[in-house]
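The values are calculated or read from the model by the stated rules, or taken from the named source; none is laboratory data. Because the structure is predicted, anything quoted here is derived from the model rather than measured. Cβ coordinates were reconstructed from backbone atoms using ideal geometry, including for glycine residues, and neighbour counts include every protein chain displayed. Ligands, DNA and RNA are excluded from the accessible area calculation, which covers all protein heavy atoms including side chains. Shrake-Rupley method; radii C 1.70, N 1.55, O 1.52, S 1.80 Å.
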Amino acid sequence: MSELTCVAEGKTKQLREHNGALNQLLVTFKDKATAFNAVKVAEVPGKGALNATISAILFQWLESQGIPTCFVEKTGKANELVYRRLKMIPLEVVVRNMAFGSLCKRFPQFEQGQPLKNPLVEFFLKDDKA
């Protein structure tokens, strides 16, 4: 990745300063996939570009509905977007179609890999230190 100063980095993306603009960040989506709290890690070619494309489409749709977002623009790289700096709401949304990981630990009646009758949406306070 470039020499730009890294502001934050997680499992799925890296945020860096963008051309010296104090109010913008360059967001690079990674091809990395993790499972079981990053116990399993794999590279999935094209995942970063796909996530960036989906994010741009969703941000543009939200803006078309009058909902402001942090999205500024796509860059020339398929896996990069430019965002406005913001204070993030520490919220993590997990959507499950199958029982895995923490769901099975919290609810032992589910078996690993068991298909769920309906998608399950869970909300967690984001804590990358945990």
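Taking label points 7 Å from Cα along the Cα-to-Cβ direction, LEU116 and LEU62 give a separation of 2.1 nm.
What the chain shows is 72 Å² of accessible area per residue, with the surface traced by a 1.4 Å probe over protein heavy atoms.
The relative contact order of the chain comes to 18 percent, based on Cα pairs under 8 Å that sit 6 or more residues apart. Sorted from longest to shortest, the spans of the Cα atoms of the range 1-108 along the three principal axes equal 49, 35, 25 Å.
Can you give the charge dipole size of the chain about its Cα centre, rounded to the nearest 20 debye, using +1 on the beta carbon of Lys and Arg and -1 on the beta carbon of Asp and Glu?
Values: 18 positive and 13 negative charges, 49 e Å.
For this selection, approximately 240 debye.
Working note: 222 nm ellipticity from helices only, DSSP H runs with n ≥ 4, each -39,500 (n - 2.57), summed and divided by the residues of the chain, gives -5500 deg cm²/dmol to the nearest 500. Across the range 49-54, computed HN-Hα scalar couplings (Karplus, 6.51 cos²θ - 1.76 cosθ + 1.60, θ = phi - 60°) run 5, 5, 5, 5, 5, 4 Hz from first to last residue, x flagging Gly and Pro. Here r is the Cβ-Cβ distance between LEU22 and VAL95 and R0 is 41 Å; the resulting FRET efficiency, rounded to 0.05, is 0.75.
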